[in-house]
1. Could you count how many residues in the range A:164-179 are under 18 Å from A:TRP85 (Cβ atoms), within 10 Å of another protein chain (Cβ to nearest Cβ) and surrounded by fewer than 19 Cβ atoms within 10 Å (Cβ to Cβ)?
2. Go through the range A:53-73 and report how many residues are crowded, with 22+ Cβ neighbours inside 10 Å and within 14 Å of A:MET156 (Cα to Cα).
3. Quick one: would you say A:LEU73 is farther than 15 Å from A:GLN166 by Cβ and within 14 Å of chain B (Cβ to nearest Cβ)?
4. For the range A:19-28, which residues satisfy the criterion of being modelled with pLDDT of 85 or more and within 17 Å of B:LEU71 (Cα to Cα)?
5. Kindly indicate the residue of the range A:21-48 that is more than 11 Å from A:HIS70 (Cα to Cα) and not in a helix (DSSP H, G or I) and also nearest to the chain's Cα centre (by Cα) among those meeting that condition.
6. Return yes or no: is A:LEU108 surrounded by fewer than 18 Cβ atoms within 10 Å (Cβ to Cβ), modelled with pLDDT under 85 and in a helix (DSSP H, G or I)?
7. Among the residues of the range B:24-53, which ones are more than 9 Å from every other protein chain (Cβ to nearest Cβ) and of a type in the set (D, E, K, R)?
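The values are calculated or read from the model by the stated rules, or taken from the named source; none is laboratory data. Just so it is clear, the model here is predicted, and its values are computed rather than measured. Cβ atoms come from the backbone with ideal geometry, glycine included; neighbour counts cover every protein chain shown.
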Amino acid sequence: MTGPAARRSAHEEDRRTDRELVYAARDGDMLAFDALFYRYRDGIFRLGLSITKDPSAAEEIAVDTFTRAHRALARLEPEGSLRPWLYRVAVNLSYNRRPRKGVILSPLEDSANDTFQSEERSPSLLAEQAEMRRMVLAAVDTLGPKHRIVVVLHYMNGLNLAEIAQVVDCPIGTVKSRLHYALRRLRAHLSAHPEFGIEPMTLLAPSARRTVAPVVEPLAGEPQ
Amino acid sequence: MACRAAEHKMADLFTGELHPRDRLELEAHADGCARCDAALRDLSTISYALDRAYAPLRQRSTLLSPARVHLAVRSEPAPSVPWWRVGFVGRLSEATMALGFAALVLGGSLDLAVKPDVTPTASAKTVIKDYFKTQPPAEETAYVRWLRFQLRAIGAATGPAVRYPVGGQFDVEQYSNEDDWLNSGAPR
């Protein structure tokens, strides 16, 4: 493998920490900067995509984010990971753009791979799952920006609570409250759809609790 | 455990950061609190649905090249330099400003150093007027009047009034013969 593909592969396999890469890039090593770019490119792209609903805008946001990072290299002091800093810039850039109205990111084209990989599942089941995903994403779009960004940063980008707190610049307790509030709003929104099995804001008997889908996958050998 | 704390523990649970011991506490609280129990059940479902909904989007990637970032970095506009910082004019204005600033600082410090801490009691005009009051006038008549005034002032301060010539003429009786140097040694 030669050429750009080989270079990209080398960047992706760069085992240096963010801090080491930042210091190397500060000394003029553009390959270290490229390694940072390859490391966080997709996450920032997805974040911009989930906020703006526009792939080209999301790419521009990724480029702008790294351009700002390059400009800020001299004063950048990443404590362990650069990720919260980059995501914070990307969130600000994303919210500065006007999102496309009425567009819901459809996971249909993304689930095409699932269709080919899981032939045992019927097309109707796949279509039903895709429709449920679409409904969930549409419900997320009804949330306010403060609550939606917490949901997106965790469920889309996989950030933990501490990292989300750094990105949105507020205490962890506030992030937890926002996540809880967002989930309650989504529950109110999705309880109209019987597919989710959520009864509309009623107090149910405690005995019914463990019959729903488990949050944590059961261990092998654990009694169901 | 209060319901507020249970909400925070639920957030920890949904993000996979809840310690097993805390999970037991949360479930114990939910067993006794119908509201938290319903929330735990429903929000678990919502969290699971969110996880499933975002799963395909998490696979999305971009073929964006770092060359676009390099291009953006290179094509960034150079910081605009105002005209007073360009060429000879710039150097001159910088030197002038530096000198002016230094003079300002130095002058300020000197001014502070020699500043008298005595508050003035009289204005400059009063001081000048007092000075000329104590000086004899140049014109002869005025000088005689001035001298008489000064002597009277001294006499008033030192003792009984002394008689002085009136009308610009000396009283002859006040002079002794010994003092009359015009007639001393002269034949009568």
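1. So the answer is 1.
2. 0
3. Details: farther than 15 Å from A:GLN166 by Cβ: yes; within 14 Å of chain B (Cβ to nearest Cβ): yes.
Yes: the conditions hold for A:LEU73.
4. If the condition is that a residue be modelled with pLDDT of 85 or more and within 17 Å of B:LEU71 (Cα to Cα), then A:ALA25 is the only one that fits.
5. Of all residues in the range A:21-48, those more than 11 Å from A:HIS70 (Cα to Cα) come to A:21, A:23-24, A:27, A:29, A:31-32, A:35, A:38-48.
From what is left, the residues that are not in a helix (DSSP H, G or I) are A:27, A:29.
On the way: A:ASP27: 32, A:ASP29: 29 Å.
Ranking the qualifying residues of the range A:21-48, first place goes to A:ASP29.
6. Values: surrounded by fewer than 18 Cβ atoms within 10 Å (Cβ to Cβ): yes; modelled with pLDDT under 85: yes; in a helix (DSSP H, G or I): no.
No.
7. Applying the first criterion (more than 9 Å from every other protein chain (Cβ to nearest Cβ)) to the range B:24-53 yields B:24-26, B:28-29, B:36.
If the condition is that a residue be more than 9 Å from every other protein chain (Cβ to nearest Cβ) and of a type in the set (D, E, K, R), then B:GLU25 is the only one that fits.
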